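The values are calculated or read from the model by the stated rules, or taken from the named source; none is laboratory data. Fair warning: this is a prediction, and the values are worked out from it, not measured in the lab. FYI the Cβ positions are ideal-geometry reconstructions off the backbone, even for glycines, and counts take in every protein chain you see. Just the protein is used for accessible areas: all its heavy atoms, side chains included, with ligands, DNA and RNA removed. Shrake-Rupley method; radii C 1.70, N 1.55, O 1.52, S 1.80 Å.
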Amino acid sequence: MASALAARMGLNSLLRKQARTFRVRICTMESDMEFSCEIKWKGKDLFDLVCRTLGLRETWFFGLSYSVKDTVAWLKMDKKVLDQEVPKEEPIVFHFLAKFYPENAEEELVQDITQHLFFLQYGDYDPEVHKPGFLAEEELLPKRVINLYQMTPEMWEERITACYAEHRGRTRDQAEMEYLKIAQDLDMYGVNYFLIKNKKGTDLLLGVDALGLHIYDPNNKLTPKCSFPWNEIRNISYSDKEFTIKPLDKKTNVFKFNSSRLRVNKLILQLCIGNHDLFMRRRRVDSLEVQQMKAQAREERARKQVERQRLQREKQLREEAERARDELERRLVQLQDEAHMANEALLRSEQTADLLAEKAQIAEEEAKLLAQKAAEAEAEMQRIKVTAMRGQEERRLMEQKMLEAEMLALTMAEESERRAKEAEQLKQDLQEARDSERRAKNKLLEITSKAAYVPPSHPADNLPGDLSFSRENLSFDFKDTDMKRLSMEIEKEKVEYMEKSKHLQEQLNELKTEIESLKMKERESPLDIIHNQNTEQGTSKHSNFKKLTLQSTKSRVAFFEEL
């Protein structure tokens, strides 16, 4: 079997020499890429090709990693790819990853692509898209954290969604930077750990990061026992498994430690050299390339600011137009209701006018009839007076009848007068009804003319009155005055951003306090317990580093050797 494997490896080597090319697969956090490389290519040739493909200029943070016998290795830039211990099977798989980490992500990461490669973020919150259950398929929290709290997936989703919705409108690069700012303050951020032994043979952990070298207890990766900043270290070297550190202070003795394997020593040395170079680079004046990148980044931010303002204005206008359309539609429905009510009122007015006209006619006829009866009663009274000279008894009866006739005549006269007044009142009511009918018709005509406007089908394109806008007014020219104005706007936006960042920290603290009562203490890991103790004591990564480096290098070296 071993001979078959050797034969296959020899065949692969022969085929590569004949083909003069070999294939590689580069795996990034988002996608995979395949390239055909020349046999003579060095690690830098391949690395530069990947960076150009990604549009990356801040290349010093990244590298191409691969696995060798369960150990992570990084492709060396100055050696040929095939002369290194890379896998023999094609395509050769490399992982494009961050090899070194910034001390301050907000200040050091210039390009958006650099920031994005350090972290990938979701889009903006949309209540129409992000409905209950939308996080069910997302692994937003480690299983260990989920198991640590008495919370259902629905409870986690509710709290995460509430935070997500509150930060609606934040751009992707702002969200990514907030995440990186939180991550960089974590105790284990950017630290590579290696098992070592000091000269007494004590098992320890060596941590290599952007600030320097740190020595940990194997059971506590959070709080180092002692630290050595890069600016205190003059030289690092190794021989076989033994590492030698020479402090900058020549009065301080060198100190040594042993690692488990020679291959691990190579990796430690690479990380030390790279982190030391970046540490010193941050403390020097920016190179011309970095200055150019920062200038371009400022221009890009200004352009994005204008673009965001334009999009925000368009969004605002669209929302205003939609609100205007909704208001017009609501007003149209209201006018239609008013028109319907006016029609009904007009119909009732017409019916009332017809009824009043009929009553007036009847009243007139009744008045005429009563007047006729009154005249007949008067004639009867005169006739009775003529025959009143008849006998005493007859006269008395006649006087009584005459009195009754007079009362009847008086009653008839009063009734006639009342009926005449009633007829006159009915005429007035008829006139008022006709006036009401005329007003109802005018109201209906007014409503019909108002309802004639039809809202546009595309409100954002045909906005009424002061909602209109022209794209010509949104053109951008990088003049001095424009740049000053934009600089002021960017500064204002930066202040607002800092306020939002502060609010985010407060919100995270509130969330932590809220769910603390649901934590199951019995499931806490040893590191959880150490972290809680550090938090209670007010010990942070930066405060502890500052405290450790207050002592002299000599005393720290002596402390390390006595561990």
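Only a single criterion out of (1) modelled with pLDDT of 65 or more; (2) open to solvent by less than 80 Å² (accessible area, probe 1.4 Å); (3) not in a helix (DSSP H, G or I) is not satisfied by Phe469, namely (1). Criterion first (modelled with pLDDT under 85, over 60 Å from the mean Cα position of the chain (by Cα) and open to solvent by 80 Å² or more (accessible area, probe 1.4 Å)) does Gln312 satisfy it? Judged against the criteria, Gln312 is not a match. How do the pairs read when you match residues in segment 158-175 that are within 18 Å of Leu311 (Cα to Cα) with residues anywhere that are of a type in the set (Asp, Glu) and modelled with pLDDT of 75 or more, using Cβ under 7 Å and keeping only pairs 6 or more apart or on different chains? That search, which allows pairs on different chains as well, returns Asp173/Asp112. With respect to the conditions (1) more than 19 Å from Ser540 (Cα to Cα); (2) modelled with pLDDT of 75 or more; (3) acidic (Asp, Glu); (4) under 22 Å from the mean Cα position of the chain (by Cα), Glu138 lacks only one, and its number is (2). Residues being open to solvent by less than 70 Å² (accessible area, probe 1.4 Å), farther than 17 Å from Asp209 by Cα and in contact with a strand residue (DSSP E or B) (Cβ under 7 Å, 6 or more places away or on another chain) are entirely absent from segment 275-292. For segment 99-125, taking the residues that are among the acidic types (Asp, Glu) and surrounded by 12 or more Cβ atoms within 10 Å (Cβ to Cβ), the one that is modelled with the lowest pLDDT is identified as Asp124. The residues on offer are Leu222, Leu267, and the sole one that is buried (at least 18 other Cβ atoms within 10 Å of the Cβ) and part of a loop (DSSP other than H, G, I, E, B) is Leu222. Against the conditions (1) in contact (Cβ under 8 Å) with a residue 60 or more places away in the chain; (2) aliphatic (A, V, I, L, M); (3) crowded, with 19+ Cβ neighbours inside 10 Å; (4) more than 30 Å from Gly538 (Cα to Cα), Ile245 satisfies every one except (1). Of all residues in segment 205-219, those being surrounded by fewer than 19 Cβ atoms within 10 Å (Cβ to Cβ) and touching an Asp or Glu at 6+ places or on another chain (Cβ under 7 Å) number 1. On the basis of being surrounded by 12 or more Cβ atoms within 10 Å (Cβ to Cβ) and either modelled with pLDDT of 75 or more or touching a strand residue (DSSP E or B) at 6+ places or on another chain (Cβ under 9 Å) (or both), does Gln400 make the cut? Considered against the rule, which asks whether it is surrounded by 12 or more Cβ atoms within 10 Å (Cβ to Cβ) and either modelled with pLDDT of 75 or more or touching a strand residue (DSSP E or B) at 6+ places or on another chain (Cβ under 9 Å) (or both), Gln400 comes out as no.
Residues of segment 76-98 being within 26 Å of Leu211 (Cα to Cα), open to solvent by less than 30 Å² (accessible area, probe 1.4 Å) and modelled with pLDDT of 90 or more, which ones? Result: Phe96, single match.
Residues that are farther than 20 Å from Thr71 by Cβ and surrounded by 15 or more Cβ atoms within 10 Å (Cβ to Cβ) within segment 189-203 comprise Tyr189, Asn198, Thr202, listed in sequence order.
Residues that are under 13 Å from Leu195 (Cα atoms), in a strand (DSSP E or B) and among the basic types (Lys, Arg) within segment 228-264 are absent altogether. Within segment 323-349, being open to solvent by 80 Å² or more (accessible area, probe 1.4 Å) and touching a residue at least 12 places away in the same chain (Cβ under 8 Å) holds for Glu329, Gln336. Going by the structure shown, is Ser227 surrounded by fewer than 17 Cβ atoms within 10 Å (Cβ to Cβ) and of a type in the set (Gly, Ala, Ser)? No. Total residues in segment 33-47 satisfying the condition of being within 12 Å of Leu82 (Cβ to Cβ), open to solvent by 50 Å² or more (accessible area, probe 1.4 Å), part of a strand (DSSP E or B) and touching a residue at least 24 places away in the same chain (Cβ under 8 Å): the figure is 1. Exactly one residue among Asn231, Asn235, Asn219 is free of Cβ contacts under 8 Å to residues at least 60 places away in the same chain and over 22 Å from Leu267 (Cβ atoms), and that residue is Asn231. For segment 517-563, which residues satisfy the criterion of being open to solvent by less than 90 Å² (accessible area, probe 1.4 Å) and in a loop (DSSP other than H, G, I, E, B)? Listed by number, the residues that qualify are Leu518, Met520, Glu524, Ser525, Gly538, Thr539, Ser540, Thr549, Ser552, Leu563.
The numbered conditions (1) of a type in the set (A, V, I, L, M, F, W, C); (2) part of a helix (DSSP H, G or I); (3) surrounded by 15 or more Cβ atoms within 10 Å (Cβ to Cβ) are all true for Trp60 except (3).
Among residues of segment 359-388 that are over 26 Å from Glu399 (Cβ atoms), those with a beta-carbon under 7 Å from a residue that is open to solvent by 60 Å² or more (accessible area, probe 1.4 Å) at least six positions away or on a different chain give the pairs Ala360/Lys427; Ala363/Glu422.
Of all residues in segment 508-522, those that are among the hydrophobic types (A, V, I, L, M, F, W, C) have Cβ atoms under 7 Å from Cβ atoms of residues that are open to solvent by 40 Å² or more (accessible area, probe 1.4 Å), 6 or more apart or on another chain, in Leu511/Arg159; Leu518/Gln150; Met520/Gln150.
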